[in-house]
């Protein structure tokens, strides 16, 4: 109620002041020549005639035209939204119906090996339904044994669906090309690899990445990563992760990644170091040794990580020497690496880090590494806790608490 | 008087042209994004051992209604390598006790360094239950602001990337994989931050800390904010990201490069708009160090948050936003039209200065002038009505455009009547702009007088 009263009072005040001003001062204000906004004559800016692109118009007319255009555009957008939504719902329903029908037809084909051509063609009349058929074939073939997959490929070719896929691969639109690559790789069709290879150095990042992925999927076991040799462009971590996952899922034969560790493309070097670790390619000792002196600090950091993960103890000596010359992040990585495998010979080095360094993170990582040395590490930590030289208790308690680390 | 009328008119025209250009740019960027990401399988990165590690820092102050479910949601995100740090920022309700009881927490001997200054940390807690291994709870003294709580988290967290969120927000399960993607795609420019779309949670059906059914808010004010958020996130930020002029990553959720965040000294606890200020500071740092960098934005809906349902809370929120905006803009005024900062200096900053800070003031003075003309009986009614119709039609056109974007992209409101209600809301929205402009003026006055509070939203809980 209070708010209503306030509104009534404000309106009352507005009305009263309006009455007061209009009776007392209107003639004075109206005489002011600079208040164009309130004048009705032809001198008013809004009513003046302007010439624009051969057309004579007043500002008010222009405003009217723009306003009407905005309203009509808004109405068109609104109608478009509603139509789009209705169509989307319809397509969704149709899609579900078609998926069900195709699934039945595909399963019956797989069981009796007879292609009911009419059945498929009857419902695969247009591009939309053929696309759904392609998607369904791909979807069904995912978990099938090889001979059943081959049967589905036969069906795919028999129904002429390859034409649809190739029209995408040959399209000048990048997103359609990618769709085509995806279909070829999902169905393991290798005879068109030459079309995909054209895009391995494309300026379009997404197209380039997808062509690499498709080629790795479709490659013969011997050379799935041949494209790395001539890769000039950026090879993102996203793409690296995707390719690694692909290798894991498909249990592919992997090449010796040490081959590309000296590549000029830093991304390729990083990828190969990571893959050397993931596939435990310990034979790349010399390559890792060289990578420790690489000019790029990220490459050196990854090499340090990999040495630790692979347990290449003989390189720990080199790491100790490198410690004082390395960047802060790399120094931490060296200390972490020392603790990945129990090697007594680095214990004094690690304790020295705890004694000498003032940085908390370096100290914590060094204590963690000592802890990882097993029984000897524990004894060393106990000694350190009782030491008069420095108060290590807080750090050691932190490290020994298994819930934290 | 002549100057004032023309200034307001041309200022309005400038705003309209700017928004139309942003809309066009945004639509092109959105189209590319959607095409590009239609092939992406986010599970690949979520499960990969090669993906970077992430620390989520969630400050919580008096969140007893929602904290348990929200922490459960955070612990259930689909990503392999992440930790969750909940910062109990001196809650005076049962927030801390609830977390402690529900997640079997015990105090641990955690050693850390106050690298980034923050209020005293009373204790660090870990769970005795291995299922909650990812969780760390930091109990600290309240400093009266969120920045201090995040800084405490920064001192504890140890992963490559930092995610800051509001503990009362609900995160989509694949949010981390989506936010990480721009960092994994970085080329010659370092990605220092990524933001995503924040959606309105009011009236949505929530179960076990997850959004089960998206509904349009039943109340008018939250519905109005759905429109605002859709316009801001889908029309505005998408374009600014592409133009390299993005100045804000929403405090409700954002991902940052931890190294850069630490180098700039974390969040500034002395400013209110900490989310904008930290982005500006990180950008300034990178530009001054002559390092190539980008701040990116992804249009996917990643996070759901409750918005004010009553005018009082809305006023508190908007005045706070205004004060935060002014704080950040004044603190980093050196960026304004400074070529050294690239597009940020020449485009982003001036836009925010003119259209976000000054525009509501200009609008409010226009409203006052209109009242003055009506009071003295000197209003040219035909032209006034025509101008009003023009502004009104532009406003609903812009809203309809953003609704179209929502329809063509993420299509979160599944019911047709929700879309129609949203369009109808856009018809009423322009009349309420006067209230928002008033809140902005109040924010300016509070800034000058150095008054105003943080304010709270009455949470419904979930």
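Rule-based calculations on the coordinates, nothing more; no lab input. Since we're looking at a predicted model, the values are computed, not measured. Neighbour counts are summed over all protein chains in view; Cβ atoms, including those assigned to glycine, are modelled from backbone coordinates with ideal geometry.
Mind checking the mean number of beta-carbon atoms from other chains within 10 Å of the Cβ atoms in B:181-194?
On the way: counts 3, 1, 3, 7, 8, 4, 6, 1, 0, 0, 0, 0, 0, 0.
The mean count of partner-chain Cβ atoms within 10 Å per residue comes to 2.
Over all distinct Cα pairs, what is the inverse of the mean 1/r for the stretch B:223-281, reported as the Kirkwood hydrodynamic radius in Å? Intermediate values should be presented prior to the final figure.
Numbers: mean 1/r = 0.0781 Å⁻¹.
12.8 Å is the Kirkwood radius here.
Average partner chain C-beta neighbours within 10 Å, per residue of A:358-365? If you can, show how the numbers build up before the last one.
Details: counts 0, 2, 5, 4, 0, 2, 4, 0.
Per residue, the number of nearby Cβ atoms from other chains is 2 on average.
Provide the FRET efficiency to the nearest 0.05 for the residue B:7-residue A:379 pair, computing r from the beta carbons and using R0 = 60 Å.
Values: r = 80 Å, r/R0 = 1.33.
Computed FRET efficiency for residue B:7 and residue A:379 comes out at 0.15.
If R0 is 30 Å, what FRET efficiency do you get for residue A:57 and residue B:358 from their C-beta distance, rounded to 0.05? Don't skip to the answer; put the middle values down first.
Working: r = 30 Å, r/R0 = 1.02.
The computed FRET efficiency comes out at 0.50.
Please label the shape of the stretch B:41-93 as rounded, prolate or oblate, based on the square roots a ≥ b ≥ c of the eigenvalues of the alpha-carbon gyration tensor (a/c under 1.5 means rounded; beyond that, a/b larger than b/c means prolate, else oblate).
Working: a/c = 4.96, a/b = 2.42, b/c = 2.05.
In terms of gyration-tensor shape, prolate.
Across bins of 10 angstrom width beginning at 0, how are the C-alpha pair distances of the stretch A:111-270 distributed, in whole percent?
Each 10 Å bin holds this share of Cα pairs: 9, 36, 32, 16, 5, 1.
What average count of beta carbons from other chains do you get within 10 Å of the Cβ of residues in A:173-184? Display every interim value, and only then the final one.
On the way: counts 1, 3, 7, 1, 0, 4, 2, 0, 1, 1, 0, 0.
That works out to 2 on average.
So between residue A:397 and residue A:172, what do we pick up on full extension, going 0.36 nm a residue minus the alpha carbon distance?
Details: separation 225, 0.36 × 225 = 81.00 nm, distance 6.31 nm.
That works out to 74.7 nm of additional length.
Can you give the relative contact order of the stretch A:160-241 as a percent, counting alpha carbon pairs under 8 Å and 6+ residues apart? If you can, show how the numbers build up before the last one.
Working: 73 pairs, mean separation 19.2, N = 82.
Normalised by residue count, the contact order of the stretch A:160-241 is 23 percent.
Could you work out how much longer the chain between residue B:416 and residue B:370 gets when fully extended? Use 0.36 nm per residue separation minus the Cα distance between them, nm to one decimal.
Details: separation 46, 0.36 × 46 = 16.56 nm, distance 3.85 nm.
Here the segment from residue B:416 to residue B:370 would lengthen by 12.7 nm.
Would any residue of the stretch B:161-178 have its amide N under 12 Å from a label point 7 Å out along Cα→Cβ of residue B:93? List them or say none.
Answer for this model: B:168.
Could I have the simple spin-label model distance between residue B:381 and residue B:114, label points 7 Å from Cα toward Cβ, reported in nm to one decimal?
6.8
Taking neighbour Cβ counts within 10 Å as the exposure measure, how do B:411, A:244 sort from fewest upward?
Numbers: B:411 13, A:244 20.
Starting with the residue having the fewest Cβ neighbours, the order is B:411, A:244.
What are the semi-axes of the equivalent ellipsoid for the stretch A:160-241, taken as the square roots of 5 times the Cα gyration tensor eigenvalues, largest first, in whole Å?
They are 20, 15, 10 Å, listed largest first.
Which percent of the Cα-Cα distances in the stretch B:1-151 go past 25 Å?
On the way: 5963 of 11325 pairs.
Of the Cα pairs, 53 percent sit more than 25 Å apart.
Suppose we keep just the alpha-carbon trace of the stretch B:272-350; what are its Rg and Dmax in angstrom?
Cα radius of gyration and Dmax of the stretch B:272-350 are 15.2, 46 Å respectively.
Using the Cα gyration tensor of the protein assembly as shown, with a ≥ b ≥ c the square roots of its eigenvalues, what is the shape: rounded (a/c below 1.5), prolate (a/b larger than b/c) or oblate (neither)?
Note, shape of the protein assembly as shown comes out oblate.
With a 10 Å Cβ neighbour count serving as the proxy for reagent exposure, in which order, fewest first, do B:292, A:203 appear? Spell out each step's value before the answer.
Details: B:292 11, A:203 8.
Sorted ascending by nearby Cβ count, the order is A:203, B:292.
Would you please give the FRET efficiency between residue B:213 and residue A:256, computed as 1/(1 + (r/R0)^6) with r the Cβ-Cβ distance and R0 = 41 Å, to the nearest 0.05? List each step's numbers first, then the result.
Numbers: r = 53 Å, r/R0 = 1.28.
The value I calculate is 0.20.
What is the helix-to-structure angle for B:2-37, meaning the angle in degrees between its Cα long axis and the longest Cα principal axis of chain B, kept from 0 to 90 and rounded to the nearest 10?
Between helix and principal axis, roughly 40 degrees.
Spin-label point model (7 Å from Cα, Cβ direction): what's the residue B:424 to residue B:292 distance in nm?
Placing both labels 7 Å beyond Cα along the Cβ direction yields 5.3 nm.
What is the antiparallel percent of DSSP beta bridges lying wholly in chain B, to the nearest 5? Spell out each step's value before the answer.
Working: 22 of 48 bridges.
Beta bridges within chain B, antiparallel portion: roughly 45 percent.
How big is the C-alpha Rg of chain B next to the rule-of-thumb value 2.2 N^0.38 Å, as a ratio? Let's see the in-between values first.
Values: Rg = 22.3 Å, N = 462, 2.2 N^0.38 = 22.6 Å.
Compared with the compact-globule rule of thumb, chain B sits at 0.99.
Subtracting the Cα-Cα distance from 0.36 nm times the residue separation, let me have the gained length for residue B:187 to residue B:25 in nm, one decimal.
Values: separation 162, 0.36 × 162 = 58.32 nm, distance 2.27 nm.
Going from the current span to full extension adds 56.1 nm.
Output the 0 to 90 degree angle, nearest 10, between the alpha-carbon long axis of helix B:381-408 and the longest principal axis computed from the alpha carbons of chain B.
Compared with the principal axis, the helix lies near 30 degrees.
Which angle from 0 to 90°, rounded to the nearest 10, does the C-alpha axis of helix B:175-184 make with the longest principal axis of chain B?
90
Before rounding to the nearest 500, sum -39500 (n - 2.57) across all DSSP H runs of length at least 4 in chain B and divide by the residue total; then give [θ] at 222 nm in deg cm²/dmol. Display every interim value, and only then the final one.
Values: 14 runs with 217 residues, N = 462.
My calculation for chain B gives -15500 deg cm²/dmol from helical runs alone.
If we count other beta carbons within 10 Å of each Cβ, what is the order of A:343, B:206, B:71, B:141, fewest first?
Numbers: A:343 16, B:206 19, B:71 24, B:141 13.
In order of increasing Cβ crowding within 10 Å: B:141, A:343, B:206, B:71.
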